[in-house]
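**Q** Take a look at this one; I'll ask things after.
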Amino acid sequence: MAGQLRAIRQKIKSVRSIAKITRAQELIATSRVSKARDRAHDAEPYAREITRAASTLLTHHPHADHALLNRRPDTSRVAVLLVTGDRGFCGGYNHNVLRHAEALAALLRRQGKEPVFYVTGRKGIEWYRFRGRPTVRVWQGASGAPVYDVAAEIGRTLATAYDTPTAEGGVGEVHVVFTEFVSMLTQRTVVRRLLPIEVEEREAPQGHEPPVRAPFAFEPSAGVVLDVLLHKYVDARIWHILLISAAAEHAARRTAMTAATDNARQLIGALTRQANEARQAEITTELTEIVGGAAALAASNRD
């Protein structure tokens, strides 16, 4: 009985230590998710202005042509960029990205296309290495706090692959699988096509005249400016994806660590009740032994 009580108390001590760790992780994730959301919000004006500049140029030069805007005649090879995390303890965050990537790869193969993978985040890299699956390029070490240099490198890599003919090792499409931050409790895994870039033309609302086009002059030429803007646009989209994925990762970790802390507290309560029951049983046994010994001693004295 005493051994059982010691074992229960040791379990309580261990669970309390785990609860302290999960609580600390929860507080850290809570502080980091707000910073990640602020970074994503601060990056939106830059992406919006890049999009606006590219749209203005295409509006004034409707016949402008660029490789990133054109659909490839050969789409037998398709690039898939996975945005995963460098760390665990974030629930199904990484698993959902990998699951959606596998579903996308299966769909592409049914269409007769070969998916090639570009992976960011240590968890995704380890998943592919463990299964012996090839990857073209990998990036790790900055999932929780992305830096623009990495986003620009990813953008250049994917744009170069898209510019290269499929027969020479290039790709005909580029898709990205990432997690979108919706709220502190909700994160949504998203699959989007990154290249070729789609230019959406929207009709003016009824009763509103289309705006008069202001004269613009592009130096050194509209084609050179369009090339720079479209590559900047791709970099800005990847940068925004990395930022909102970081916010989603911290939010998922906070949710997972909150649940782990709550479960630890419930387990401590259950173990404490078991310890109390074991202690009561031990006291009852001791009292029974004392009463029995006293009765036996009184009987021997009478004899």
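The values are calculated or read from the model by the stated rules, or taken from the named source; none is laboratory data. All figures in this text were calculated on a predicted structure; none of them were measured in a lab. Using ideal geometry, Cβ is built from the backbone for each residue, glycine included, and neighbour counts are taken over all protein chains shown.
**Q** Does Ala298 satisfy the condition of being in a helix (DSSP H, G or I) and surrounded by 12 or more Cβ atoms within 10 Å (Cβ to Cβ)?
**A** The answer is no for Ala298.
**Q** Within region 160-177, does at least one residue satisfy the condition of being under 17 Å from Val78 (Cα atoms), part of a loop (DSSP other than H, G, I, E, B) and either hydroxyl-bearing (Ser, Thr, Tyr) or within 20 Å of the chain's Cα centre (by Cα) (or both)?
**A** yes
**Q** Anything in region 84-112 that is farther than 19 Å from Ile241 by Cβ, without any contact (Cβ under 8 Å) to a residue 60 or more places away in the chain and part of a loop (DSSP other than H, G, I, E, B)? List them, or say none.
**A** Gly88, Gln111, Gly112
**Q** I've got another one for you. Considering only region 91-112, I want to know if a residue exists there that is on the phi > 0 side of the Ramachandran plot and of a type outside the set (Phe, Trp, Tyr). Write out each step before concluding.
**A** Within region 91-112, the first condition is being on the phi > 0 side of the Ramachandran plot, and the residues that meet it are 91, 112.
Pick out the ones that are also of a type outside the set (Phe, Trp, Tyr) and you get 91, 112.
Yes, region 91-112 contains at least one residue that is on the phi > 0 side of the Ramachandran plot and of a type outside the set (Phe, Trp, Tyr).
**Q** Mind checking which residues of region 17-42 are loosely packed, with under 15 Cβ neighbours inside 10 Å and not hydrophobic (A, V, I, L, M, F, W, C)?
**A** Ser17, Lys20, Ser31, Ser34, Lys35, Asp38, His41, Asp42
**Q** Which of the following residues is loosely packed, with under 13 Cβ neighbours inside 10 Å and within 25 Å of Ala40 (Cβ to Cβ): Asp149, Asp86, Asp74?
**A** Asp149
**Q** Those residues that are within 60 Å of the chain's Cα centre (by Cα) and without any contact (Cβ under 8 Å) to a residue 24 or more places away in the chain, I need them from region 268-303; list them, please.
**A** If we filter region 268-303 for residues that are within 60 Å of the chain's Cα centre (by Cα), which is where we start, we get 268-287.
Matches in region 268-303: Gly269, Ala270, Arg273, Asn276, Glu277, Gln280, Ile283, Thr284, Glu286, Leu287.
**Q** When you look at Gln4, is it in contact with a helix residue (DSSP H, G or I) (Cβ under 9 Å, 6 or more places away or on another chain), over 23 Å from Val190 (Cα atoms) and either surrounded by 18 or more Cβ atoms within 10 Å (Cβ to Cβ) or charged (D, E, K, R) (or both), yes or no?
**A** no
**Q** If Ser245 satisfies all but one of (1) modelled with pLDDT of 90 or more; (2) over 22 Å from Ala142 (Cα atoms); (3) touching a helix residue (DSSP H, G or I) at 6+ places or on another chain (Cβ under 9 Å), what's the number of the condition it fails?
**A** (2)
**Q** I would also like to ask the following. Return yes or no: is Glu180 over 20 Å from Lys113 (Cα atoms) and in contact with a strand residue (DSSP E or B) (Cβ under 6 Å, 6 or more places away or on another chain)?
**A** For Glu180, the condition - over 20 Å from Lys113 (Cα atoms) and in contact with a strand residue (DSSP E or B) (Cβ under 6 Å, 6 or more places away or on another chain) - is met.
**Q** Return the total of residues in region 236-268 being out of contact with any Lys or Arg (no Cβ under 6 Å at 6 or more places or on another chain) and either under 30 Å from Pro45 (Cα atoms) or among the acidic types (Asp, Glu) (or both).
**A** 18
**Q** Looking at Gly293, Gly269 in this structure, which one is at pLDDT below 80 and in a helix (DSSP H, G or I)?
**A** After applying the criteria, what remains is Gly293.
**Q** Is it fair to say Arg87 is under 28 Å from Ala29 (Cα atoms) and among the charged types (D, E, K, R)?
**A** yes
**Q** Let me ask something else. Any chance you could count how many residues in region 126-153 are over 16 Å from the mean Cα position of the chain (by Cα) and among the aromatic types (Phe, Trp, Tyr)?
**A** 3
**Q** Does Ile18 satisfy the condition of being under 30 Å from Ala246 (Cβ atoms), at pLDDT 80 or above and in a helix (DSSP H, G or I)?
**A** Judged against the criteria, Ile18 is a match.
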